[in-house]
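One structure below.
The values are calculated or read from the model by the stated rules, or taken from the named source; none is laboratory data. Bear in mind that the values here come from a model prediction, so they are computed numbers and not experimental data. Cβ sites come from the backbone with ideal geometry, for glycine too, and all protein chains shown count toward neighbours. With ligands, DNA and RNA removed, areas are computed over all heavy atoms of the protein, side chains included. Shrake-Rupley method; radii C 1.70, N 1.55, O 1.52, S 1.80 Å.
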Amino acid sequence: MSRLAARALVCRRGPRTVLESIDVSFAADQVTAIIGPNGSGKTTLLRHLAGLDRAAGGDVALDGAPLGQLAAGVRARRIAYLPQGASVYWPLLGRDLVALGRLPHGADLGRPLSALDADAVERALRRVDGLAFADRTVDALSQGERARLLLARTLATEAEILVADEPVASLDPAYALDTMSVLRAEARCGACVVVSLHDLGLAARFADRVIVLAGGRVAADGPPDEALRPAIIDAAYGVGFRTVVLEGVTQPVAWSRRP
Amino acid sequence: MNRWLLVLVLALYVVSLAVGPALWPWRLGNEVGWAIVWELRVPRATLGLLIGGALGLSGAVLQGWLRNPLAEPGVIGVSACASFAAVCAFYSGLAAAFTLALPLAGIAGAAIAVALLMTAVRAGTGTVSLLLMGVAINAIAAALIALVLASSPNPFAYQEISLWLAGSITDRDLRYLAISTPFMVAGALLVLGAGRGVDALSLGDNAARSLGVETGRLGLRLTLGVGLMVGAATSVAGVIGFVGLIAPHLVRAKVGYKPGATMVPAMLVGAALVLAADILVRLMPTAFELQLGVFTSLVGAPFLVYVVRRARSAWLAA
């Protein structure tokens, strides 16, 4: 069933059109990976899906209703968003950082959390395997540990839709694999997960569906095996890809500068 | 912690009523003693309490909102603009002709600065443009104050203005209290309810918005609140620097660096700092009473250097 849908979505930045008439919808129980070269409009699309930007044309609909008509607080409970290169500006305690994900449910860090909120924080920490460093301040953590807590912050909202912008961009392979496993587990539990990725190998392995963006348009949309064919991604990235099959999963490998 | 801070503030308030050329004035048991209490000490101590609270709270709000531990009410130019307007009131002779012209001008100046800052907030261009706008307002206000001082034909006016700029709560009567209190209280009420929004901003603007915080509206609310508090405080007391910078630093670690939870204790610490400083300037054996603003700068600036050197680089760099 489709939950979130971009309908004829157009976005302009000054004179430049970043997204041209995007029509995509996202189903529950699925991880949808958005891939495409730098500047192809991935971040812009995700920001619109999360309701942060106003479209120049078309709209984004949540269960059929335009996102713009939803109150900010309601939207925040239904769509959790992890920005690209997310940062933390104060050396908060890990647990407090995750508790920020409960703000849409009325939590206040100035007071003790309700049992409901505290449970959600605990669950989120457990899902990212972050309980071990939840009681340390975030400035004392490695980048990978901090990224886990930021992901846990997003999970703590327990929203039905999870939008993550390049959550594995600066993580080592172990953290990257863990993060993708967590996202897939969320989808298995019924969430609608939309994630932008630069690592096509991870997209091939962990996504149920891949959308290839190029020049602000959808170049392909389908199961990883179809969308990640060299014929499509060669043109999108301007790079020659080759493929290897590992344990039944086709992995694209960027091989030559010329397609 | 808040309970102990409240006890400290109340204790300092009582000491502030007691200390001065006449110690424990109510013990005189006559009309003069009570006149000293009601007409000199109560306005002075109450202004110290309110102005200190307003500055400490404003500092905590600005630091949380701008995500910068070095932000200060003075940074966004509201103090400077209020000072300039008050200087104009001195220069034009309005302040001499009509006592309340001075605080009224200060509040008007603050309102102008807030209006200018609101344009930066409305444009939605973020923290950097707001800080730059503050820097520009500060620079313009400082230059205009210098211009007014340089063209003052009356050397006494020059002296009066210089003294006022240095910041003090000496000899402010109940009328000053009456005109500044409503603005400071209104500003405090506006910002005190915004703790959750400021907490969300710990994750940056985009994440805060995704958490349902309408950051534009929050910015307007905080700009207005800080403008009211700092404008009213500056208009009656001149520039009392560093309180807004130091107070949040003193309490932040105790509340786990949560910016929303920093606000109330920073307000109490701000009140305690100004009350204590104002008591100390009365007790110091100087030829004439040292200006409160000069004293807070003398103590505050080295403290700032200490805080900066000690601060964990991770969050100072952010």
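For segment B:193-202, 3J(HN,Hα) computed residue by residue from phi via the Karplus equation (6.51, -1.76, 1.60; θ = phi - 60°) reads x, 9, x, 5, x, 5, 4, 4, 5, 4 Hz, glycine and proline entered as x.
Which longest uninterrupted range of chain B lacks any chymotrypsin sites (Phe, Trp or Tyr not before Pro) assigned by DSSP to a loop state (not H, G, I, E or B) and surrounded by at most 11 other Cβ atoms within 10 Å? Could the numbers behind the result be given before it?
On the way: sites that count: B:98, B:288.
By the stated rule (loop sites, at most 11 other Cβ atoms within 10 Å), B:99-287.
A Cβ-based charge dipole, computed about the Cα centre of chain B with Lys and Arg at +1 and Asp and Glu at -1, lands at about 940 debye.
Nearest 20 debye, what's the magnitude of the dipole of segment B:201-285 about its Cα centre given +1 on Lys and Arg Cβ and -1 on Asp and Glu Cβ? Spell out each step's value before the answer.
Values: 7 positive and 3 negative charges, 32 e Å.
Dipole size: approximately 160 debye.
As I understand it, the value is the acute angle between the Cα axis of helix A:143-156 and the longest principal axis of the Cα atoms of chain A; what does it come to in degrees, rounded to 10? With rounding to tens, the tilt is 80 degrees. For segment A:150-259, the per residue solvent-accessible surface stands at 43 Å², with DNA, RNA and ligands left out and a 1.4 Å probe.
If one puts a single equal scatterer on every Cα of segment B:146-208 and applies the Debye formula without solvent, what log₁₀ I(q)/I(0) results at q = 0.16 Å⁻¹? So the normalised log intensities work out to -0.77. Relative contact order of segment B:71-149, taken over Cα pairs closer than 8 Å and 6 or more residues apart, is 45 percent. Stretching residue B:115 away from residue B:306 to a fully extended chain increases their span by 65.3 nm, per 0.36 nm per residue minus the current alpha-carbon distance. Within chain A, the longest run free of trypsin sites (Lys or Arg not before Pro) that sit in a DSSP loop with at most 11 other Cβ atoms within 10 Å is A:55-256. When the Cα positions of B:107, B:166, B:56 are compared along the charge dipole of the protein assembly as shown, B:166 comes out farthest toward the positive end, with charges on each C-beta of Lys, Arg, Asp and Glu. Binning the C-alpha pair distances of the protein assembly as shown at 10 Å intervals from 0 yields a P(r) profile of 4, 16, 23, 20, 15, 11, 7, 3, 1, 0 %, listed from the shortest bin outward. Distance between the 7 Å Cα→Cβ label points at residue A:129 and residue B:253: 3.4 nm. Backbone amide hydrogens, once placed in the peptide plane, bring residue B:241 within less than 5 Å of B:297, excluding anything fewer than 5 places away on its chain.
Provide the FRET efficiency to the nearest 0.05 for the residue B:156-residue B:128 pair, computing r from the beta carbons and using R0 = 45 Å. Display every interim value, and only then the final one.
Working: r = 43 Å, r/R0 = 0.95.
Using R0 = 45 Å, I get an efficiency of 0.55.
Roughly how big is chain A's charge dipole about its Cα centre, with Cβ charges of +1 (Lys, Arg) and -1 (Asp, Glu), in debye to the nearest 20? Spell out each step's value before the answer.
On the way: 30 positive and 29 negative charges, 118 e Å.
My answer is approximately 560 debye.
The contact residues of segment B:168-204, meaning those that lose at least 20 Å² of 1.4 Å-probe accessible area when all protein chains sit together rather than their chain alone, are B:196, B:199, B:202, B:203. Rounded to the nearest 10 degrees, the inclination of helix B:155-165 to the longest alpha-carbon principal axis of chain B is 50 degrees. Estimated purely from DSSP H runs of n ≥ 4, each contributing -39500 (n - 2.57), the mean residue ellipticity at 222 nm for the protein assembly as shown is -17500 deg cm²/dmol once divided by its residues. So the label point goes 7 Å from the Cα of residue B:10 along Cα→C-beta, right? Which residues of segment B:257-288 then have their backbone N under 17 Å from it? Counting backbone N atoms under 17 Å from the label point, the list is B:265, B:268-269, B:271-272. Counted over chain A, the DSSP beta bridges are approximately 60% antiparallel. Along the charge dipole of chain B, Cβ charges K/R +1 and D/E -1, which of B:290, B:95, B:233 sits furthest on the positive end? Going by the Cα projections, it comes out as B:233. Note that segment A:33-94 presents 34 Å² accessible area per residue, ligands and nucleic acids not counted, probe 1.4 Å.
Here the spin labels are modelled as points 7 Å beyond Cα on the Cα-Cβ line, and at residue B:282 and residue A:185 they lie 6.3 nm apart.
Distance distribution P(r), chain A, all Cα-Cα pairs, bin width 10 angstrom from 0: 7, 30, 34, 21, 6, 0 percent. Per residue of peptide A:89-101, the mean number of Cβ atoms on other chains within 10 Å of the residue Cβ is 6. Ordering A:106, A:33, A:125 by the projection of their Cα atoms onto the charge dipole of chain A, which places +1 on the Cβ of Lys and Arg and -1 on the Cβ of Asp and Glu, puts A:33 at the extreme positive end. For the protein assembly as shown, the antiparallel share of DSSP beta bridges with both residues in that region comes to about 60%.
Ignoring ligands, DNA and RNA, how much accessible area is buried between chains B and A, both sides summed, with a 1.4 Å probe, to the nearest 100 Å²? Intermediate results must be reported in sequence, preceding the final value.
Values: alone 14690 and 12200 Å², together 24390 Å².
Using a 1.4 Å probe on protein heavy atoms, the buried area is about 2500 Å².
Return the carbon/sulfur percentage of the accessible area of the protein assembly as shown, one whole number, probe 1.4 Å, all protein chains in place. Roughly 61 percent, rounded to a whole number.
To the nearest ten degrees, helix A:173-188 and the longest principal axis of the Cα atoms of chain A are 80 degrees apart. Under the simplified labelling scheme, the residue A:54-residue B:98 pair shows an inter-label distance of 4.2 nm, with each label point 7 Å from Cα along Cα→Cβ.
Per-residue mean of foreign Cβ neighbours for B:248-259 is 3 (Cβ atoms of other chains, 10 Å radius).
What FRET efficiency, computed as 1/(1 + (r/R0)^6) with R0 = 25 Å and r the Cβ-Cβ distance, is obtained for residue A:118 and residue B:192, rounded to the nearest 0.05? Could you put the intermediate results ahead of the total?
Numbers: r = 25 Å, r/R0 = 0.99.
According to the calculation, E is roughly 0.50.
Shape descriptor for chain B: Rg over Rh equals 0.98 (Cα atoms; Rh from the Kirkwood inverse mean 1/r).
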